[in-house]
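Heads up: the structure comes next, in C-alpha cells.
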Amino acid sequence: MNLDRIKWLVFFPVIGLFWASCQTPSVPMDLTEANVIPLPTSVEATGSSFELMAESHIVISDGSLQSTAEILQGILKPSTGYSLEVVTGIPSDGDIYLVLEQGDAEAYTISINEDQVAIKGDAPGIFWGVQTMRQLLPPQIEARTVQPGPWRIATGTITDKPTYTYRGSMLDVARHFFGVDDVKRYIDLISMYKLNYLHLGLSNDQGWRIEIKSWPRLATHGGSTEVGGGEGGYYTQEDYVELVDYAADRFVTMVPEIDMPGHTNAALASYAELNCDGKARDLYTGIEVGFSTLCTDKEVTYRFVDDVIRELSLITPGPYIHIGGDESHATPIDKYIPFVNRVQQIVTSYNKKVLGWDEIANADLVKDAVVQYWDRADNALKGVEQGAKVLMSPASRTYLDMQYDSTSPLGLHWAGYIEVDTSYIWDPASMVEALDQDDILGIETPLWTETIETMDDIEYMVFPRMPGIAEIGWTPSDQRDWEEYKVRLGKQKERFQIMEINFYESATVPWEGIEKVKG
Ligand code: IFG
C-alpha cells in the first residue's frame with residue numbers, strides 16, 4: 001500500500017480526532033439545556049447556534065451601556081483572544097448587541113439567532129442578561145488565557161426578571177478585615193448570580209473599618225486589630241468610594257452598617273467619652289457578643305452618631321444606612337428604644353432609609369424602615385405591624401458562617417448546620433407564619449467572619465450556597481425544585497474551577513466537571 005493511502009487511512013483521521021478533542025466542548029445546542037443560575041423565567045430554544053468570531057463587536061444602543069459593555073469585553077476577550085471592540089450604532093452579523101429599553105425593573109430578554117445575540121432591557125437588566133449570557137457559553141470562557149474555540153451559544157429567546165428587588169449578601173469586614181481587592185472579587189462573585197445589594201458590616205466589637213474624619217481614632221485605633229489579634233485594617237473614605245463605584249458598575253448597591261448601641265467595643269476603645277464611666281475600653285479580639293453599649297444617656301453619643309451617619313451618607317449613594325441594633329444585651333430596653341428612635345431620626349435627616357436587625361422593631365419605626373429578620377420572627381411581625389418591610393435573613397437558612405456539617409473546618413453552628421440543600425429548600429414567603437410575600441422586601445445572605453480570615457475561606461463558605469440563595473431571591477418559588485437545581489449547580493463545577501473559586505464540594509450535589517487532581 002503506498003504512502004498516500006496510509007496518510008488517508010491513518011494520519012488524517014488521527015489528526016481529525018486530535019483536533020476534535022482540542023475543541024472547547026460546545027454547549028448543548030438546545031438552549032433549554034443551558035444550566036443558568038438563577039433559573040430564568042422562560043427559555044425558548046430554536047435548535048441552532050450563534051458563534052462568536054474574531055470579527056465580532058459588542059454594539060451598544062446607548063452610551064450609558066459603555067461600562068457594562070467593557071465588563072462583558074473583559075470577560076470574553078482573555079479567553080477568546082478576540083478584541084470584541086465596543087462600538088455604538090447598528091450591529092452586523094456576528095455581533096453582540098446591547099439595547100437599552102425601558103420595561104420592568106431589572107428585566108431583560110436575550111434573543112439569539114445564528115447572526116446575532118441581542119440583550120435588551122433597562123441598564124441593570126442588561127447587566128443581568130450579560131451574566132446569563134456568560135453561562136450560555138462554555139465554562140472555558142471564564143479562563144484568563146486564550147482557549148481554543150469555537151465559542152457557540154444555542155439559539156432561542158430568554159425572558160427574565162427578578163422576584164424580589166432586594167437580593168443581597170452581607171460581608172462582615174469587622175471581625176476579620178478584608179481589603180479592597182478581596183471585596184472587589186466578592187462583588188464580582190455575587191453579581192455573577194444577580195445579587196444587587198452588598199451590606200458591609202463596617203463596625204463591631206472587634207474592629208471599626210471606615211475612616212470617619214471627625215472621629216479619626218475610630219479607624220486608626222478601633223481598626224488596628226481583629227478577632228485573634230491580627231493587624232486589622234480599615235477603608236479610607238477614598239477606598240470606600242472606590243468600592244461603591246466598583247459595585248455600582250455591576251449594579252450592586254452598597255449598604256453600610258454601623259452596628260449600635262451594642263457591638264460597639266471598637267468605638268468605646270477609641271474614645272473614652274463614649275463610655276458612661278468615661279473610661280476607654282481595651283481593644284477586644286475575642287468572639288463574645290452582647291457585652292458592649294454606647295452610653296445612651298450622654299449627648300456626646302448622639303453627636304458621635306450624627307457625625308458618623310453624616311459622613312457615611314455623603315459617600316453612600318444607595319438608599320439605606322444599616323444601624324445594626326442587634327444583641328444589645330448591655331443596653332436596658334427602656335434606653336434601647338429611645339436610642340434607636342433618635343438614631344432613626346438622624347438617618348432620615350440625611351435623606352437615607354433605615355435598615356436594622358429585627359430587634360429594632362421594638363422601637364417606633366420611621367417610614368420606610370426595613371427590619372432584617374435573622375433571629376426572632378415576632379420582631380419581624382412587629383415590624384410589619386408598624387408598616388415596615390422585612391428583609392429575610394433567617395439564620396438557620398442564610399447564615400453562611402454556619403458550618404456545612406460537623407466536619408466543616410470553618411464556621412460556627414449555633415443556628416444549626418447548613419448543608420447546600422438546607423440553604424436552598426425554603427421559601428421566604430412561607431418561612432414565617434403570617435408573613436406574606438407582600439411584606440418581604442427581599443433576601444440577604446450574611447457571612448459573619450469570626451472564623452473566616454482569607455478570600456479562600458470566604459469562597460469556601462459562600463460557594464456553593466450563595467448561588468442557591470441568589471436563585472431564591474430571583475426565581476419564583478413555584479419554578480424552584482432542589483432535585484432539578486442540584487443538577488444545574490453540579491454543572492457549575494468546571495466554571496468554579498476555571499475561576500479558581502475555592503468551593504466546598506458538598507456531597508449533596510451531583511458534581512460534573514474536571515476531576516480535581518487530589519493532593
Ligand atoms: N449573631 C450576631 C453577629 C455574629 C453572628 C455569628 C447577628 C445579627 C451571630 N448578630 O447575627 O454579629 O456574631 O453567627
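The values are calculated or read from the model by the stated rules, or taken from the named source; none is laboratory data. From a predicted model like this one, the values you see are computed outputs, not experimental measurements. Quick reminder, even Gly has a Cβ in these numbers, built from the backbone with ideal geometry, and neighbours come from all protein chains shown.
Looking at region 34-81 only, could you name the residues that are among the polar types (S, T, N, Q), under 23 Å from the mean Cα position of the chain (by Cα) and crowded, with 22+ Cβ neighbours inside 10 Å?
Hit for region 34-81 is Thr68, nothing else.
If the Cβ limit is 6 Å and pairs must be 6+ apart or interchain, which residue in region 121-147 that is at pLDDT below 95 pairs with which residue that is buried (at least 22 other Cβ atoms within 10 Å of the Cβ)?
Pairs that qualify, where the first residue is at pLDDT below 95 and the partner is buried (at least 22 other Cβ atoms within 10 Å of the Cβ): there are none.
Considering region 275-293 alone, what residues qualify as being more than 16 Å from the ligand (Cβ to nearest atom) and either acidic (Asp, Glu) or surrounded by 22 or more Cβ atoms within 10 Å (Cβ to Cβ) (or both)?
Scanning region 275-293 gives Asp277, Asp282.
Being crowded, with 22+ Cβ neighbours inside 10 Å, of a type outside the set (A, V, I, L, M, F, W, C) and in contact with a helix residue (DSSP H, G or I) (Cβ under 8 Å, 6 or more places away or on another chain) is the filter here; which residues of region 136-154 pass it?
Answer for region 136-154, where residues must be crowded, with 22+ Cβ neighbours inside 10 Å, of a type outside the set (A, V, I, L, M, F, W, C) and in contact with a helix residue (DSSP H, G or I) (Cβ under 8 Å, 6 or more places away or on another chain): Pro139, Glu142.
Could you please find all residues in region 88-104 being of a type in the set (Val, Ile, Thr) and surrounded by 14 or more Cβ atoms within 10 Å (Cβ to Cβ)?
Ile96, Val99, listed by residue number.
State whether one or more residues within region 452-460 are more than 16 Å from the ligand (Cβ to nearest atom), surrounded by fewer than 20 Cβ atoms within 10 Å (Cβ to Cβ) and within 22 Å of Leu391 (Cβ to Cβ).
No, region 452-460 contains no residue that is more than 16 Å from the ligand (Cβ to nearest atom), surrounded by fewer than 20 Cβ atoms within 10 Å (Cβ to Cβ) and within 22 Å of Leu391 (Cβ to Cβ).
Determine whether Arg134 is more than 16 Å from the ligand (Cβ to nearest atom), of a type in the set (D, E, K, R) and within 22 Å of Gly47 (Cα to Cα).
yes
If Ser423 satisfies all but one of (1) farther than 21 Å from Glu505 by Cβ; (2) more than 13 Å from the ligand (Cβ to nearest atom), what's the number of the condition it fails?
So the condition that Ser423 fails would be (1).
Testing Leu171 on (1) under 14 Å from the mean Cα position of the chain (by Cα); (2) more than 26 Å from Phe291 (Cβ to Cβ), one condition comes back false. Which one is that?
Every listed condition holds for Leu171 apart from (2).
For residues that are of a type in the set (A, V, I, L, M, F, W, C) and touching a residue at least 40 places away in the same chain (Cβ under 8 Å), scanning just region 213-236, find the one that is surrounded by the fewest Cβ atoms within 10 Å (Cβ to Cβ).
Of everything passing the filter in region 213-236, Trp215 is surrounded by the fewest Cβ atoms within 10 Å (Cβ to Cβ).
Give the residue, chosen from Ile190, Ile210, Ile258, that is farther than 30 Å from Phe291 by Cβ, touching a helix residue (DSSP H, G or I) at 6+ places or on another chain (Cβ under 8 Å) and buried (at least 23 other Cβ atoms within 10 Å of the Cβ).
Ile190
Search region 386-400 for residues being closer than 12 Å to Leu435 by Cα and under 16 Å from the mean Cα position of the chain (by Cα), and hand back the single one that is surrounded by the most Cβ atoms within 10 Å (Cβ to Cβ).
Leu391
Please work out which residue is farthest from the ligand (Cβ to nearest atom), limiting yourself to region 154-204 and to residues that are closer than 26 Å to Gly229 by Cβ and of a type in the set (Asp, Glu).
It comes out as Asp181.
In region 294-314, how many residues are β-branched (Val, Ile, Thr) and surrounded by fewer than 16 Cβ atoms within 10 Å (Cβ to Cβ)?
Residues in region 294-314 being β-branched (Val, Ile, Thr) and surrounded by fewer than 16 Cβ atoms within 10 Å (Cβ to Cβ): 1 in total.
Have a look at Lys486, Lys491 and point out the one that is over 15 Å from the mean Cα position of the chain (by Cα), under 25 Å from Tyr108 (Cβ atoms) and not hydroxyl-bearing (Ser, Thr, Tyr).
Going through Lys486, Lys491 in turn, the sole match is Lys491.
When residues of region 412-457 are filtered for being in a loop (DSSP other than H, G, I, E, B) and either touching a strand residue (DSSP E or B) at 6+ places or on another chain (Cβ under 9 Å) or aliphatic (A, V, I, L, M) (or both), how many remain?
Here the count works out to 15.
Within the set of pairs 6 or more residues apart or between chains, which connect a residue that is buried (at least 16 other Cβ atoms within 10 Å of the Cβ) inside region 411-422 to a residue that is among the β-branched types (Val, Ile, Thr) with Cβ atoms less than 6 Å apart?
Every condition considered, the pairs that remain are Gly411/Thr451; Glu419/Thr508; Val420/Thr508; Val420/Val509; Asp421/Thr508.
Only one of (1) within 16 Å of Val255 (Cβ to Cβ); (2) away from the ligand (no atom under 16 Å from the Cβ); (3) among the β-branched types (Val, Ile, Thr) is not met by Val384, so which one is it?
(1)
If you check Glu257 against the conditions, is it of a type in the set (D, E, K, R), within 28 Å of the chain's Cα centre (by Cα) and assigned to a strand (DSSP E or B)?
yes
Of these, Pro332, Pro394, Pro338, Pro409, which one is within 13 Å of the ligand (Cβ to nearest atom) and either farther than 28 Å from Arg310 by Cβ or not β-branched (Val, Ile, Thr) (or both)?
Answer to the selection: Pro394.
With respect to the numbered conditions (1) on the phi > 0 side of the Ramachandran plot; (2) within 13 Å of the ligand (Cβ to nearest atom), which one is the sole condition not fulfilled by Asp375?
Here Asp375 meets the rest and fails (1).
Looking at region 346-372, which of its residues are within 16 Å of the ligand (Cβ to nearest atom) and either at pLDDT below 95 or of a type outside the set (A, V, I, L, M) (or both)?
Gly356, Trp357, Asp358, Glu359, Asn362, Gln372
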